[in-house]
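Below: the structure, in structure tokens.
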Amino acid sequence: MTEIQVVDDQYSYDDANEFFTDTLLHNIINKHNLRDADSVIFRGQANASWHLVPSACRRLGLQKLLKICFPEKITCDYSDDNPSTLSIIEKEIGFSIEEDGGKFITDCEQYALAKFILSADQYGLDLYDLSSEIKSLLMEIVDTTKHGVIPINTTDNLIFDPTFDPLFALAQHHGIPTRLLDWSRSPHIAAYFAASTALNNNNKEDIALWVMNIDRANYSSSANGFRIIQVPYRNNINLRAQQGLFLFKYGIKQKIKEDYEGFDMHYSNSKECPVIEKPMFLKYTLKFSEVENLLSILNMNNINRATIFPGLDNIAQHIYEY
């Protein structure tokens with residue numbers, strides 16, 4: 001049996017079998033004296049050094065939002081995750097987005113969401129039950145945007161309205177950068193995402209399984225600036241298979257070119273969170289050299305591309321792999 005290192009609520013492993021066993025849902029609940037399965041959610045990340053940052057708050061995510069907002073003005077490779085790319089984009093759109101960066105992100109996000117949902121509706125795709133009220137609000141957001149200028153001072157009411165949650169989650173799930181962060185009710189589904197992404201990217205860094213204690217988080221969650229979004233699985237077969245849900249970040253106070261403070265950093269340092277025995281976040285890490293072994297173990301437990309992304313194409317790809 002290998003030695004398991006524990007430092008500041010981080011559990012580090014160099015053996016996939018031990019990692020798999022210790023991250024069984026009942027083992028996590030028992031080890032950390034959590035209430036039950038409803039009190040905990042999980043997120044996998046391909047690099048253990050990454051913080052819990054929503055896509056809209058990452059440099060590459062912002063560049064994608066800007067491309068949606070200014071499609072004709074931006075001609076550079078907006079998918080290049082390079083610090084200089086954002087400066088090039090600023091020159092192409094003709095103004096600096098440095099000041100009040102957080103507000104700019106939310107304005108761009110709302111416009112991108114409106115464009116995505118209205119376009120999907122235009123092509124006849126099923127969007128849950130898109131109400132006439134929400135559709136009118138989306139059209140207003142798009143119509144008030146003239147010549148590629150984002151309507152600063154747009155309202156956040158759209159995103160705060162729980163009736164919009166299914167549409168918000170749908171956009172996130174299909175690649176629109178948002179302030180939503182994907183989580184799962186299953187630790188091993190989350191671990192699959194971490195391992196498969198790491199292997200595909202060949203980043204050779206330790207992977208991470210993040211564990212969030214919802215009971216700990218529920219203390220004054222509105223004051224702390226987030227909420228947990230669980231949407232109906234109807235019309236979203238992938239989200240259902242992945243047991244998915246989302247963490248939503250309310251206000252963003254940052255300058256665009258500064259590193260965003262992830263959920264894990266903010267709430268570990270927040271004075272608004274009462275001090276109780278159980279931490280809000282735990283992290284289990286595994287050496288990259290064990291990633292392929294972990295994927296094999298997960299496959300033997302029916303967690304693989306075919307089960308997480310149901311569909312004929314992924315079944316075909318899966319039989320090439322196993």
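The values are calculated or read from the model by the stated rules, or taken from the named source; none is laboratory data. Just so it is clear, the structure is predicted and the values come from calculations on it, not from any experiment. In this analysis, Cβ positions are derived from the backbone assuming ideal geometry, glycine residues included, and neighbour counts consider all displayed protein chains. Heads up: the accessible areas ignore ligands, DNA and RNA and are worked out on the full protein's heavy atoms, side chains in. Shrake-Rupley method; radii C 1.70, N 1.55, O 1.52, S 1.80 Å.
When region 189-214 is filtered for residues that are touching a helix residue (DSSP H, G or I) at 6+ places or on another chain (Cβ under 7 Å), open to solvent by 50 Å² or more (accessible area, probe 1.4 Å) and at pLDDT below 90, only Lys204 remains. Would you check if Ile256 is modelled with pLDDT of 80 or more and surrounded by 14 or more Cβ atoms within 10 Å (Cβ to Cβ)? No. Taking first residues from region 303-322 that are assigned to a loop (DSSP other than H, G, I, E, B) and partners that are at pLDDT below 85 and surrounded by 12 or more Cβ atoms within 10 Å (Cβ to Cβ), the Cβ contacts under 6 Å between residues at least 6 apart in sequence or on separate chains come to Asn304/His318.
Being within 20 Å of Gln172 (Cα to Cα), modelled with pLDDT under 75, not in a loop (DSSP other than H, G, I, E, B) and not small (Gly, Ala, Ser) is a condition met by at least one residue of region 93-103.
With the structure loaded, tell me whether Asp80 is open to solvent by 20 Å² or more (accessible area, probe 1.4 Å), free of Cβ contacts under 8 Å to residues at least 24 places away in the same chain and farther than 16 Å from Thr178 by Cα or whether it fails that test.
Details: open to solvent by 20 Å² or more (accessible area, probe 1.4 Å): yes; free of Cβ contacts under 8 Å to residues at least 24 places away in the same chain: yes; farther than 16 Å from Thr178 by Cα: yes.
Against the criterion (open to solvent by 20 Å² or more (accessible area, probe 1.4 Å), free of Cβ contacts under 8 Å to residues at least 24 places away in the same chain and farther than 16 Å from Thr178 by Cα), Asp80 qualifies.
Checked against (1) in contact (Cβ under 8 Å) with a residue 40 or more places away in the chain; (2) in a helix (DSSP H, G or I), Val53 passes all but a single condition, namely (2).
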